[in-house]
Amino acid sequence: MIDTHAHLTSPAFISDLPIVLTRARTTGISSIICVSETLSDAHAVLNLTAAHPGFLHPALGLHPEHVTTLAPAQLSAALSGITSLLQTTPAVAIGEVGLDYTPRVLSLAASAADAKRLQADAFAHFLSMSQQLALPLSVHSRAAGHHALAHVVEAARRAPVAVCMHAFDGRAVHAERALRSVPEGLYFSVPPSVVRDDQLRKLVRRVPTERLLLESDAPALAPSRGERNEPANLVRAAEIIAEVKGVDVAAVRQTLAENTERLFTKVTPTFIT
């Protein structure tokens, strides 16, 4: 298994990260993609992944909540900084990027309209960078699933896309519609919270297995609400996918592993099934 989206630089892992990584290995996880939320976090991700070559892999981006809080000059500098790192480091993906239309995040800007404009501009930049650098995107779309997918579909009209919609909380019908418009390169990753989330189960039911991936989003989205999540919990997500699809869990893990290999091509040297 490969964890396609984790925040291992989070303060939640300061005291026991080595134990968390050992637990991940013993449950069959061969690689973890570590995403960043800010420019400083991107540097932390690069340092952490350099200390665990072949197991941890860096994805560099700006979270839409962070984008919303920045003044124009700060945002320009952050975008330039991430872009430079993407061009000069062994990043395997761009992320976490995207849109967040939750009321709390929209209230961080002068107006909701300003927040949406700032996020859309940054997202468009990263979509373009993804296509130029041939790096997949890890996309956040909280309360904005339909809007984020619209950006992806529009980008796909110009050039091929490679996109993972992480922990997608939008309607399954929007996912199905986007998959018809983007016949290749669009995937949806499933976190361990699928154990308790009917909306995610509906997504799993209606999205073809060949378009699903696994993620932890550690330390968030644990199987039990309020608990710290970790990559080892991918096992639970795979079990629920198998249950919903009515197939053997080994077959699910095999298919999702092959999906991950197709999307995150720079992670394949450490890929196992």
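The numbers here are math on the coordinates, done by the rules we state, and not lab data. Remember, it's a predicted structure, so these values are computed and weren't measured experimentally. Virtual Cβ from ideal backbone geometry, glycine too; neighbours counted across all protein chains shown.
Some points to look at:
- Counting Lys and Arg as +1 and Asp and Glu as -1 over every other residue whose Cβ lies under 12 Å from the Cβ of VAL67, the net charge comes to -4.
- Working note: Debye formula, equal point scatterers on the alpha-carbon atoms of the stretch 1-156, no solvent; log10 I(q)/I(0) at q = 0.10, 0.16, 0.19 Å⁻¹ is -0.36, -0.88, -1.15.
- Of the residues ALA242, THR88, SER181, the one whose Cα sits farthest towards the positive end of the charge dipole of the stretch 2-270 is SER181 (charges of +1 on Lys and Arg Cβ, -1 on Asp and Glu Cβ, taken about the Cα centre).
- Protection proxy ranking for 69-77, 45-53, 116-124, using the average of other Cβ atoms within 10 Å per residue and placing the highest first: 116-124, 45-53, 69-77.
- Calculated on C-alpha atoms, the gyration radius of the stretch 78-201 divided by its Kirkwood radius gives an Rg/Rh of 0.97.
- Modelled label positions at GLU243 and ARG206, each set 7 Å beyond Cα in the direction of Cβ, lie 2.1 nm from each other.
- Alpha-carbon centroids, the stretch 69-107 and the stretch 213-273: separation in whole Å: 26
- Translational D in µm²/s for the chain (Stokes-Einstein at 10 °C, 1.306 mPa s, Kirkwood Rh from C-alpha pairs): 87
- Note on the stretch 197-273: Rg/Rh from Cα positions, Kirkwood definition for Rh, rounded to two decimals, is 0.96.
- Relative to the current alpha-carbon distance between SER128 and SER107, full extension at 0.36 nm per residue lengthens the span by 4.8 nm.
- Value of [θ]222 nm, deg cm²/dmol, for the chain, DSSP H segments ≥ 4, -39500 (n - 2.57) each, nearest 500: -15000 deg cm²/dmol
- In a fully extended conformation the segment linking ARG158 and ASP121 would gain 11.6 nm over its present Cα-Cα distance, using 0.36 nm per residue.
- Each of GLU184 and SER40 was given a label point 7 Å from its Cα along the Cα-to-Cβ line. The distance between the two points is 4.2 nm.
- Additional length obtainable on full extension of the chain from ARG225 to GLU176, 0.36 nm per residue less Cα span: 14.9 nm
- Selection from LEU79, ASN47, ILE32 lying farthest towards where the dipole of the stretch 22-125 points positive, charges on Cβ: ILE32
- Eligible aspartates and glutamates near LYS202 by straight Cα distance, threshold 14 Å, same-chain separation 8 or greater: ASP169, GLU176, GLU243
- The relative contact order of the chain, computed from alpha carbon pairs under 8 Å that lie at least 6 residues apart in sequence, is 20 percent.
- Helix screen, the chain: DSSP H segments with Cα axial length of 15 Å or more and mean Kyte-Doolittle hydropathy at least 0.5 are 39-50, 72-88, 234-245.
- Only Lys, Arg (+1) and Asp, Glu (-1) charged, at Cβ; the stretch 2-270 dipole about Cα centre in debye: 520
- Local net charge near PRO208, Cβ-Cβ under 10 Å (Lys/Arg +1, Asp/Glu -1): +1
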